[in-house]
1. Output the peptides 20-29, 39-48 sorted from most to least packed, where packing is the average of other Cβ atoms within 10 Å over each peptide's residues.
2. In nm, to one decimal, how far is the A24 label point from the S53 one, both placed 7 Å along Cα→Cβ?
Amino acid sequence: MKNASGMGVGMGAGIAIGVAIGVATDNLAVWIAIGVAIGAAMGGAMTAAQSKSNSEKEKNKDE
């Protein structure tokens, strides 16, 4: 999973969570939309963390 996109993983996880809650509450459409929003936030955070980690690794290589 080293080459996995943070956004893709986050969106997948968010949609899965939204579908699970949507089926449990019998309100699938609303929870899929909420899951997409949560997934986008998770994906953005993972992508930012990944790029920060990569830039720190590059900085340490130069030293």
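1. On the way: 20-29: 12.1, 39-48: 15.8.
Packing proxy ranking, top to bottom: 39-48, 20-29.
2. Placing both labels 7 Å beyond Cα along the Cβ direction yields 2.8 nm.
The numbers here are math on the coordinates, done by the rules we state, and not lab data. Owing to the predicted nature of the structure, the values given are computational and were not obtained by experimental measurement. Cβ coordinates were reconstructed from backbone atoms using ideal geometry, including for glycine residues, and neighbour counts include every protein chain displayed.
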